[in-house]
Amino acid sequence: MPTTDHDSSSRDGAGTQPGAFSRQPGAGTQPGAFSRQPPAALWGGRFEGEVSEAMLAFGASLPVDRRLWRWDIQGSQAHAHMLARQGIIAPEDAAAIDEGLASIARDLASGDHGFYDLADEDIHMSIERELTRRIGPAGGRLHTARSRNDQVATDTRLFCRAHAAGLATEVNRLRGVLIGLANDHLGVIMPGYTHLQKAQPVLFSHHMLAYQWMLARDFTRLLAACRAADVMPLGSAALAGTTYPLDRASVATELGFSQTSPNSLDAVSDRDFVCDLLYACSLAMVHLSRLSEEIILWSSEEFGFVTLDDAFSTGSSIMPQKKNPDFAELTRGKAGRVVGGLMGMLMTLKGLPLAYNKDLQEDKEGVFDAVDTLSMCLTAMSGMLATMRVNSAAMLAGAQGGFMAATDLADHLAARGVPFREAHEVVGRVVLDCERTGRTLQELGAEDLRAFDARFGDDAPLACDISEVVARRTTVGGTAPACVAEQIGLAREQLAADSDAATALIRP
Ligand code: ARG
């Protein structure tokens, strides 16, 4: 999974489970207070009193941001290397920091996070405290010329960049499934709708490709979100930069960032890149939700256009006959929370003065949830589409009804010199009569039609042939088989180019 953050414990409910954190608050001497011993807060020097236990839990982001551990360690290693290169800390200390962080990373990767403590507030403090416990005073030098403000901005950018690139690849996988479906069913005719009323027949392939193009734009948005995150904030420190002679560009290079932030105030308070990713995820979810809605409709008995595979359906606990499109429904349902994440982030940002404010800690839950949700829904949709049965006979039967050749019959008259408005009126009367007499347009012969208007030609019935109706739509982007075949080629070409672009973005 390209979007994995390798945190096996990120979604295991830690923080609510007993034993998820090594020490439970409440060990203090006063009721409702948490003793700072151990562990003492890393910022505890100017404090005499104790932190309220309830507020400690309120202020802590560790249960959420623990998921950033891998990026936090990468960022810290790059920072330490640079401090040594610049002569700010001794090479031996940097080496000890590097090794200590690597050993913590190994433990965390294997699922051992026994040192987590809510009293540390967040993942950044947890790792730093554990580092010092493991390597001694050298650990205390890591935070030289750095603040959690630029640290958390860096970690979150690394997270967003990796997930945007991973999701872009997953979106492409679904595009491939849609193109495959279009290619395998070229020639299958279905009703096209406007207002969910039968409008004109289209190719099923054309319909599938419409979603492919939506996802192609989602890909572009995810790529843009990836680029938006690709700016390195470290060195901004708390808000104003630092007094140390840092080499920020080398840190950017080590972390694979293509740019270094040009303004320290902006760097620590900017979460635009989070909004960008949330927006890209939101619109992709909206697209998946629309496709889900169609699958739900199509798999109903009333439509019967597709049959979902058992692996992507569920039953009812009371009604033995039921086969429900749960995963399409869930995808449709989950779109709301992702859009909610975007709204929440925008609202969090709107009133913030520069620079860092604790409100910004609210940036993670929504975007973590959005990337997980989109990833899961893409997987579900790919599987659902790749395994569903396309009932071409039901689609064609559906396309025969609904007088969907009416436009073409009017066009037939128009081609014979009748003004289109007039032709529209004549065919409207034909449809009304067919409705009253229970006939379809295809059942009418040329003579029947001439009873409505003498200007109908002998070839008027051909205008109503559904295959012909489809084949006539030869506009670029139209639904005629030849155009759709061309569209498949175009979609394939673009997907190949996009896949190359995505591969180039994924970092080891
Ligand atoms: N946990 C915080 C966050 O996620 C970072 C800490 C910054 N805190 C501070 N007091 N400067 O935003």
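Coordinate-derived values only; no laboratory data. Given the structure is predicted, the values throughout are model-derived calculations rather than measurements. Quick reminder, even Gly has a Cβ in these numbers, built from the backbone with ideal geometry, and neighbours come from all protein chains shown.
Kindly put 207, 287, 424 in sequence by how many other C-beta atoms sit within 10 Å of each C-beta, fewest to most.
Fewest-to-most ranking of 207, 287, 424: 424, 287, 207.
Would you mind putting 492-501, 455-464 in packing order, based on average other-beta-carbon counts within 10 Å, highest first?
Going by the mean number of other Cβ atoms within 10 Å, highest first, we get 455-464, 492-501.
Would you order 298, 213, 43 from fewest to most other beta-carbon atoms within 10 Å of each residue's own beta-carbon?
43, 213, 298
Strictly greater than 20 Å: what percent of every Cα pair in region 117-241 meets that?
For region 117-241, the share of Cα pairs beyond 20 Å comes to 65 percent.
Express in nm, to one decimal, how much length is gained between residue 357 and residue 58 on full extension, taking 0.36 nm for each residue of separation and deducting their alpha carbon distance.
This chain segment gains 106.1 nm when fully extended.
Output the peptides 405-418, 74-87 sorted from most to least packed, where packing is the average of other Cβ atoms within 10 Å over each peptide's residues.
Put in order of decreasing packing, that is 74-87, 405-418.
Starting from a Cα-only point model with no solvent, please compute log10 I(q)/I(0) by Debye for the chain at q = 0.09, 0.10, 0.11 1/Å.
The calculated log intensity ratios at q = 0.09, 0.10, 0.11 Å⁻¹ are -0.75, -0.86, -0.96.
Between residue 197 and residue 316, what is the label-to-label distance in nm when each label sits 7 Å out along the Cα-to-Cβ direction?
Each label point lies 7 Å from its Cα, and together they span 3.1 nm.
For Cα pairs less than 8 Å apart in space and 6+ apart in sequence, what is the mean separation divided by the residue count of the chain, i.e. the relative contact order in percent?
Dividing the mean separation by the residue count of the chain yields 15 percent.
Using the crude model of +1 on Lys and Arg Cβ and -1 on Asp and Glu Cβ, and no other charge, please compute the dipole size for the chain relative to its Cα centre, in debye to 20.
I would put it at about 440 debye.
Quick one: work out Rg over Rh on the C-alpha atoms of region 344-419, Rh as Kirkwood radius.
A ratio of 1.43.
Report relative contact order for region 98-177 in percent, whole number only (criteria: Cα-Cα under 8 Å, sequence separation at least 6).
About 22 percent, as a whole number.
Less than 26 Å apart at the alpha-carbon level, and either on another chain or at least 8 residues along: which lysines does that give for residue 334?
Output for residue 334: 322, 323, 350, 364.
Grab the alpha carbons of region 303-438, take their convex hull, and tell me the volume per residue in Å³.
263
Taking N as the number of residues in region 412-508, what value does Rg over Cα atoms divided by 2.2 N^0.38 Å take?
1.73
Along the positive direction of the dipole of region 355-467 (beta-carbon charges: Lys, Arg +1; Asp, Glu -1; about the Cα centre), which of 438, 466, 382 reaches farthest?
It is 438, whose Cα lies furthest towards the positive end.
Is any helix in the chain, taking whole DSSP H runs, at least 15 angstrom long along its axis by alpha carbon and on average at least 0.5 on the Kyte-Doolittle scale, and which ones?
272-298, 363-387
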